[in-house]
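Each value in this text was obtained by applying a stated rule to the coordinates, not by laboratory testing. Being a predicted model, the structure only gives us computed values, none of them experimental. Cβ placement follows ideal geometry from the backbone for every residue including glycine, while neighbour counts extend to all protein chains displayed.
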Amino acid sequence: MSNPLNLSAPTGEPHMDYSREFDYPVRDVFRAHTDPELFARWIGPQDLATRIDVFEARTGGAYRFVQCRGEDEYAFRGVFHTLRQDDFVLQTFEFEADPNVVTLEYSTFTDLPGGRSRLSGRSLYPSVQARDTFLSNGMEEGMSSGYDQLDDLLASLPADTPEGRE
């Protein structure tokens, strides 16, 4: 059973906060957020395939990925402003079909007892309307589905390889 996504979008505020616990160590969860091959395997709803065009997970690096469902494509891009290994990511996020809405995304990775971890984040939007539009278009369901896929991915990594858990 997966852990639930906790999402809070306060009325009248242009941000949302979220957290999700994982039954895996911070190093694994962080790596799945910064390794393009792993990232493509879990991000977004299950019915979307992800293609990575650029993914420079480092301070000052850029990213762009495209999610596909049949003939439909949805492109996203941004800049990694700050990356601290196994701890923190500050990045921008832009849905290319709506270039006037760029969000600032803060993600914090925290160790929990028993080899578990917590991901906490804040997404800051340019307006309440922009945030509410993302939410009404299924963002919460997409995030939840993606994190469930991340659980499955982390469970599938071999424990005795450099890619797996130690």
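Across all C-alpha atoms in the range 47-142, the radius of gyration and Dmax reach 14.6, 44 Å. Computed from label points 7 Å out along Cα-Cβ, the spacing between Thr108 and Glu13 is 1.4 nm.
Both the radius of gyration and Dmax for the chain are 15.4, 49 Å, in that order, over alpha-carbon atoms.
Amide H contacts of Thr82 (H built 1.01 Å from N, in plane; Pro and chain starts excluded): Gly60, Leu90 sit under 5 Å, all sequence-distant by 5 or more or on other chains. Judged by the ratio a/c of the largest to the smallest principal axis of the C-alpha gyration tensor, the range 5-84 counts as rounded, that ratio being less than 1.5. 3J(HN,Hα) along the range 116-124, derived from phi through the Karplus expression 6.51 cos²θ - 1.76 cosθ + 1.60 where θ = phi - 60°, amounts to 9, 8, 10, 9, 10, x, 9, 10, 9 Hz, with x in place of Gly and Pro. Extending 7 Å from the Cα toward the beta-carbon at both Arg116 and Glu37 defines two label points whose distance is 3.0 nm.
Against the main long axis of the alpha-carbon atoms of the chain, helix 139-156 sits at an angle near 20°.
Each residue of the range 26-31 was assigned a 3J(HN,Hα) from its phi angle through the Karplus curve 6.51 cos²θ - 1.76 cosθ + 1.60 (θ = phi - 60°); the sequence is 3, 4, 6, 5, 4, 4 Hz, with glycine and proline shown as x.
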